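Participant: Following this message is one structure expressed as structure tokens.
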Amino acid sequence: MPWWTWVSLAFFAACVLAASIVALTMLRSLMRLQSVGERLQAAFEDLSVKSEELERRAARASSRVESAEPHFAHLRVSLDRFSVLTWAIGDMAKTVARLRSALLVQK
């Protein structure tokens, strides 16, 4: 066999070895990527469960807010009445003070 055949066989073997190394490296990288993908999928499923729970809580809170609205309306009406009564008591206190000062003899 001529020498160029041996050189070409050595070159072919080097190319096959290099391709094998690249293929193994890519396969290892693909396996790592698959592992990361599985972890991401588990995290997304967990996130989905948490978001569904959050939606249920938001719906429950919304219904509670709606049920509390009439109570807040009643509280506003009571506060308005209270402010009117407070104003009336203050007005009466001024009137009583004026009557007292008018009726009492000052020395």
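The values are calculated or read from the model by the stated rules, or taken from the named source; none is laboratory data. Computed from a predicted structure; not experimentally measured. A quick note on method: Cβ atoms are made from the backbone with ideal geometry, for glycine too, and the neighbour counts reach across all protein chains shown. Keep in mind that these areas ignore ligands, DNA and RNA; they rest on the heavy atoms of the full protein, side chains included. Shrake-Rupley method; radii C 1.70, N 1.55, O 1.52, S 1.80 Å.
Participant: Heavy atoms of the protein only, probe of 1.4 Å, neighbouring chains included. What is the accessible area of Ser67 in Å², nearest 10?
Facilitator: Ser67 exposes around 70 Å² with every protein chain in place.
Participant: Compute the distance in nm between two label points, each set 7 Å from the Cα along the Cα-to-Cβ direction, one at Lys94 and one at Ser78.
Facilitator: According to this spin-label approximation, the distance is 2.9 nm.
Participant: What's the center-to-center distance, using Cα atoms, between region 12-59 and region 61-107 in Å?
Facilitator: Here the two parts' Cα centres lie 68 Å apart.
Participant: Moving on. Ignoring ligands and nucleic acids, what accessible area does Glu55 show with a 1.4 Å probe (Å², nearest 10)?
Facilitator: It works out to around 130 Å².
Participant: Roughly how many debye, to the nearest 20, is the charge dipole of the chain about its Cα centre, given +1 on each Lys and Arg Cβ, -1 on each Asp and Glu Cβ, and no other charges?
Facilitator: 940 debye
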